[in-house]
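Report on the structure given below.
The values are calculated or read from the model by the stated rules, or taken from the named source; none is laboratory data. Quick caveat: nothing in here was measured; it's all calculated off a predicted structure. With ideal geometry, Cβ positions are generated from the backbone for all residues, glycine too; neighbour counts draw on all protein chains shown. Note: accessible area is taken over every heavy atom of the protein model, side chains too, but ligands, DNA and RNA are not part of it. Shrake-Rupley method; radii C 1.70, N 1.55, O 1.52, S 1.80 Å.
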Amino acid sequence: MNDVDTRYRDASLPIEDRVEILLGQMTLEEKAGLFFHTMITVGEDGELAGPDPVFGLPSNEDYVDGRLMNHFNVLGGLPSAEAAAKWHNRLQELAASTRLGIPVTLSTDPRHSFSDNPLAALNTHAFSEWPEMLGFAALRDEALVERFGDIARREYTAIGLRVALHPQIDLATEPRWARQLPTFGEDAGLVSRLGAAYIRGFQGAELGPESVAAMAKHFPGGGPQLDGEDPHFAYGREQVYPGGRFELHLEPFAAAFAAGVSQIMPYYGMPVGTEHEEVGFGFNKSVITGLLRERFGFDGVVCTDWGLVSDGEIMGQPFPARAWGVEHLTPRERMVKILDAGADQFGGEAIPELLVDIVRSGEVGEDRLDVSARRLLREKFVLGLFDRPLVDVEAAKALVGSAEFRAEGEAAQRASVTLLSNDGTLPLKAGLKLYVEGVDPEVAAEYGQVVATPEEADAAVIRLQAPYEERGTMFENFFHAGSLDFPAEVVEHVAAVAAAVPTVVDVFLDRPAILGPVVEAAAAVTGNYGTNPRALLDVLTGAAEPKGRLPFDIPSSMKAVEASRPDVPFDTADPLFPFGHGLSY
């Protein structure tokens, strides 16, 4: 490294000077490596990971030493905090061995709640467990959201995670939309307040060495999906605005900018019938440069959603690029269009050699790369990665998933439960004979005597998932879409149990289910947004109060949903339960 001017490692120099000293001696290949933010797997027992055949990923060494990449999204479940911290340190040591020693920046999808979707959110038992974001929306407590963000920040940084691929501050204005669970619901004002609190929790008053950088998504608002379909898939590529509310969906982002959000992710969807080009937002110059950069003055990092450029394969299944509106372009042409739009990074891509060739061919100037490289390097310096790249493994063991953090998470789970209807059956008396479905009988036995049939019981507790339609592939079924009606056999079964014994039905509301038939049959109905069985039973037995209030309307029928406008909140006629509904004991 004798040919390297190492003054960029001098923490006493201004960050802008350090950026220029480093950038000025980077090769084109080293600059190109900055532009790719893709998935990486964690090795076993804290060691570096080899190739991953399931997701088709190369080894950690190939990424860092071979392709000179240094931004990665940690995929899959994490081992223990100790093993994750050790792996992080091994990866940073590998990065330090490269010519310039540019440290790695690790990011992650949400990991603190109950979802387990490899393309959107990951359950990580090493961390404290909290309700999904809809649960925080049900509680409407900015201080609690900021406290959660601070705890998550501490758990993330302990093992080396420094970018949160969240918050998701889209407005859940289409009741069928498959991505509502990680949002703060349907109301723009509430989403704006809670989204800003979330960013403050993760980043602090300003971004610094103790922060986790937040990447708010999905600009300019991903909720108004045609028929509620998800744009991971071609049939969900269109975003529509029949109510003319494009501006409403920008309000949470304005609040995020005011809170100092560090990064932004544009959505997959393509706007239809607006002033903007009908191409996916990651390719959309009038959205990224016009709205984001010029109108809102955002000068942070813009990273596309994952997989806009090249086709892939996951678990043996083809997974084509989400290049909506530009399907006819080659990967090379898509990359040029994304850069021209104003984005800084290609999410989910690992082809720096293509970018190098594009620059060498004269299609994109190296000075354009320098614009984004400055932003990407600046953030690494601001986060302190050059000055303190390694984490304390012993400290991670003590802090991550601590009893204090877990207790706070469970308290939030209990509080977020929403009591929708109750004929006086709740709270359940202690010691009753209980018939349960969807509840671990061993856990239920802590609250009463578990019996085998409704006829033997004093009360029944049934837990249901909000309905969705089964689709053709495994990956489609990670995204719950389609009709919100319960299948007839589910309704009939609930009614049969309820005819035999007073029945409490708890529904996991990852979408606003059509609850009318269930409410009609059951003695009481609760909604949850990620609540473990003990936390739920604490509420049902009166040991804790249900404090949640609906974060969206519960529609009265699918006919009302189909008649509503996807971009307009609270637009289904005569909702069964309105936004804000929730009973108390």
>> Can you say whether Leu369 is in a helix (DSSP H, G or I) and either open to solvent by 50 Å² or more (accessible area, probe 1.4 Å) or of a type outside the set (Lys, Arg) (or both), as far as the supplied structure shows?
In response: yes
> In region 342-365, which residues are open to solvent by less than 40 Å² (accessible area, probe 1.4 Å), small (Gly, Ala, Ser) and part of a loop (DSSP other than H, G, I, E, B)?
Replying inline: Gly342, Ala343, Gly348, Ala350, Gly365
> If we keep just the residues of region 243-275 that are open to solvent by less than 30 Å² (accessible area, probe 1.4 Å) and part of a helix (DSSP H, G or I), which is farthest from Val301 (Cα to Cα)?
Replying inline: His249
> In region 504-513, what count of residues is obtained for those that are open to solvent by 10 Å² or more (accessible area, probe 1.4 Å) and not in a strand (DSSP E or B)?
Replying inline: 1
> Of Phe202, Phe219, which residue is among the hydrophobic types (A, V, I, L, M, F, W, C), in contact (Cβ under 8 Å) with a residue 12 or more places away in the chain and out of contact with any Ser or Thr (no Cβ under 8 Å at 6 or more places or on another chain)?
Replying inline: Phe219
> Which residues, taken from region 569-585, are in contact with a Leu (Cβ under 8 Å, 6 or more places away or on another chain) and part of a loop (DSSP other than H, G, I, E, B)?
Replying inline: Pro569, Leu576, Pro578, Phe579, Gly580, His581, Gly582, Ser584, Tyr585
>> Of the residues Val561, Val501, only one is under 28 Å from the mean Cα position of the chain (by Cα), modelled with pLDDT of 95 or more, of a type in the set (Val, Ile, Thr) and open to solvent by less than 10 Å² (accessible area, probe 1.4 Å); which?
In response: Val561
> Using beta carbons and a limit of 6 Å, which pairs, at least six apart or on different chains, have the first residue in region 555-572 and closer than 23 Å to Thr274 by Cα and the second one of a type in the set (Phe, Trp, Tyr)?
Replying inline: Asp567/Tyr241
> In this structure, does Ser80 turn out to be modelled with pLDDT under 95, over 21 Å from the mean Cα position of the chain (by Cα) and on the phi < 0 side of the Ramachandran plot?
Replying inline: yes
>> I'm trying to understand the selection: among the residues of region 404-439, which are among the hydrophobic types (A, V, I, L, M, F, W, C) and either more than 24 Å from Leu134 (Cα to Cα) or assigned to a strand (DSSP E or B) (or both)?
In response: Leu419, Leu420, Leu428, Ala430, Leu432, Leu434, Val436
> Does any residue of region 108-123 turn out to be among the hydroxyl-bearing types (Ser, Thr, Tyr), closer than 30 Å to Asp230 by Cα and part of a loop (DSSP other than H, G, I, E, B)?
Replying inline: yes
>> Give all pairs with beta carbons closer than 8 Å in which a residue from region 178-192 that is within 12 Å of Phe253 (Cα to Cα) meets a residue that is surrounded by fewer than 21 Cβ atoms within 10 Å (Cβ to Cβ) and small (Gly, Ala, Ser); count only pairs at least 6 apart in sequence or on separate chains.
In response: Ser192/Ala254
>> Pairs please, first residue from region 314-341 and assigned to a loop (DSSP other than H, G, I, E, B) and charged (D, E, K, R), second anywhere and open to solvent by 50 Å² or more (accessible area, probe 1.4 Å) and modelled with pLDDT under 95, Cβ atoms under 9 Å, 6+ apart in sequence or on different chains.
In response: Arg322/Ala234; Glu327/Ala234; Glu327/Pro320
>> Given the criterion under 25 Å from Ser128 (Cβ atoms), over 23 Å from the mean Cα position of the chain (by Cα) and not acidic (Asp, Glu), identify the matching residue among Arg534, Arg549.
In response: Arg534
> Condition test on Asp227, is it open to solvent by 30 Å² or more (accessible area, probe 1.4 Å) and under 27 Å from Ile514 (Cβ atoms)?
Replying inline: yes
> If a residue has to be at pLDDT 95 or above, among the hydrophobic types (A, V, I, L, M, F, W, C) and out of contact with any helix residue (DSSP H, G or I) (no Cβ under 6 Å at 6 or more places or on another chain) to count, how many in region 151-180 make the cut?
Replying inline: 5
> Within region 427-469, can you find the residues that are among the β-branched types (Val, Ile, Thr) and either within 30 Å of Gly482 (Cβ to Cβ) or surrounded by 15 or more Cβ atoms within 10 Å (Cβ to Cβ) (or both)?
Replying inline: Val436, Val439, Val443, Val450, Val451, Val461, Ile462
> Is at least one residue of region 146-157 in contact with a Leu (Cβ under 8 Å, 6 or more places away or on another chain), open to solvent by 10 Å² or more (accessible area, probe 1.4 Å) and either under 22 Å from Gly409 (Cβ atoms) or not in a loop (DSSP other than H, G, I, E, B) (or both)?
Replying inline: yes
> How do the pairs read when you match residues in region 284-312 that are farther than 26 Å from Ile351 by Cβ and in a loop (DSSP other than H, G, I, E, B) with residues anywhere that are open to solvent by 20 Å² or more (accessible area, probe 1.4 Å) and among the hydrophobic types (A, V, I, L, M, F, W, C), using Cβ under 9 Å and keeping only pairs 6 or more apart or on different chains?
Replying inline: Phe296/Ala254; Phe296/Phe257; Gly297/Phe257; Phe298/Phe257
> Can you name the residue in region 180-197 that is within 14 Å of the chain's Cα centre (by Cα) and open to solvent by 10 Å² or more (accessible area, probe 1.4 Å) and is also nearest to Ile554 (Cα to Cα) among such residues?
Replying inline: Leu181
